[in-house]
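The values are calculated or read from the model by the stated rules, or taken from the named source; none is laboratory data. Small disclaimer: the values here were computed from a predicted structure and weren't measured. Quick reminder, even Gly has a Cβ in these numbers, built from the backbone with ideal geometry, and neighbours come from all protein chains shown. Heads up: the accessible areas ignore ligands, DNA and RNA and are worked out on the full protein's heavy atoms, side chains in. Shrake-Rupley method; radii C 1.70, N 1.55, O 1.52, S 1.80 Å.
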Amino acid sequence: MLKRSTFMAMTLCLAITPALAAYPERPITWVIPSPPGDGSDSIGRLLADKVGRALGQTIVIQNKPGAGGVIGSEAVAGAKPDGYTMIVGNAGSHGINAAIYSKLRYDVVKSFRPVGLFCTAANVLAVRQDLPVSNLKEFVAYIKNSKTSLNYSSGGIGSSAHLSAELFKSLADVPLVHIPYRGATPAVQAVLSNEVVTMIGNLPPWLSQIKSGKAKALAVTTKERVPELPDVPTLAETYPGFETVAWFGLLAPAGTPGELIERVNEQINVALASPDIQERLKAVSCAPAGGTPEEFAGRIRNDVSRWKKLAQEKNIKAD
């Protein structure tokens, strides 16, 4: 004779399994916690089309920018964990924010379940083309010799651009002032229009500006030089130990069934292995990643730990 608890568990499984087997039965929403045009948006849309086709449902993109990814993240953290609402997170929204916000209404780690890592990218220290410097050494001297206060832009407080620039300021001992914008697109334009002097932003939104001659790259933030800009040195060549890496990936609300997570993860990996997606990611200098949800979770935990240490050392706070 079955115990009551065993009978109830079997009944629950019978009730849930058909729904999981049929997933997805309607369109899925991927929230982008930033404006159209930045790295999360362009890469999220690219993967949404491919993964949606494989799953047999449309994936609807919903931009919810603001507060360095907090607004979009909060919306998804509170969404029903049924696999129909997920977020295209990044190193800022799901790494740095845990370090600089003390009053979030969600936990950057515990409120989400990683689904799959899309790709990783370098950050680049960029300036407008007509700035009278040709390398990092000249740029540092330019800042130090300036008779007026110089500013740098970012896509918002807590973005990887913000923390990368703060790390640069500390190592180079330069007095740049942070001017946050609502996303990478206006932050890039701020440099091009001479509202600010520089930005250390994700390479994907900057690459076309650099290759078109509207801006010049003085350094990248990865350990090694990047293939797309082979002549551009790393910041670590001047400041040993400097490294920041941008990433983009998909997360679901905590409590989302593991079977749904695995199903979407499988299609993300299939998409990332396809030649067309690899070619399009290469065009925006984002290296395909993939892997398991557990591996992605490990990256997030490591990022949170690292950025918390830096924020405490530099007293960087957003609230």
Item to check | Among the listed pairs 110/223; 137/216; 144/223; 147/317; 211/282; 137/317, those beyond 19 Å (Cα-Cα) | outcome: 110/223; 144/223; 147/317; 137/317
Checklist outcome for this item: Taking R0 as 35 Å and r as the Cβ-Cβ distance between residue 171 and residue 270, the FRET efficiency 1/(1 + (r/R0)^6), rounded to the nearest 0.05, comes to 0.30
Checklist outcome for this item: Rounded to the nearest 10 Å², the 1.4 Å probe accessible area of residue 130 is 110
Next on the checklist: Going Cα to Cα from residue 50, which aspartates and glutamates come in below 15 Å? Please leave out same-chain ones fewer than 8 positions away.
Outcome noted: 41, 266, 276, 279
Item to check | DSSP loop trypsin sites (Lys or Arg not before Pro) with at most 10 other Cβ within 10 Å excluded, longest remaining stretch of the chain | outcome: 148-319
Checklist outcome for this item: Restricting to Cα pairs under 8 Å and 6 or more apart, the percent relative contact order of region 36-183 works out to 24
Checklist outcome for this item: In nm², the average projected area of the convex hull spanned by the Cα atoms of region 22-82 is 4.1
Item to check | Å² per residue, accessible surface of the chain at 1.4 Å | outcome: 46
Next on the checklist: Tell me the relative contact order for the chain as a rounded percent, counting alpha carbon contacts under 8 Å between residues six or more apart.
Outcome noted: 27
Next on the checklist: If I compute Kirkwood radius over Cα pairs in Å from the structure I just sent, which labelled value in [x] 20.3; [y] 21.6; [z] 18.9 lines up?
Outcome noted: [x]
Item to check | Apportionment of accessible area to carbon and sulfur, region 217-319, percent (1.4 Å) | outcome: 49
Checklist outcome for this item: DSSP beta bridges in the chain: the antiparallel percent, rounded to 5, is 65
Checklist entry - Carbon and sulfur atoms: what percent of the 1.4 Å accessible area of region 107-188 do they account for? => result 53
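Taking K and R as +1 and D and E as -1, what net charge do the other residues with C-beta under 10 Å from the C-beta of residue 66 add up to? Display every interim value, and only then the final one.
On the way: positive: 64, 182; negative: 74.
Here the charged neighbours net out to +1.
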Item to check | Derived scalar couplings ³J(HN,Hα) [region 149-155; Karplus, 6.51 cos²θ - 1.76 cosθ + 1.60; whole Hz; x for Gly, Pro] | outcome: 5, 10, 10, 10, 9, 8, x
Next on the checklist: I'd like the projected area of region 275-316, averaged over all directions, using the convex hull of its alpha carbons. Report it in nm² with one decimal.
Outcome noted: 4.2
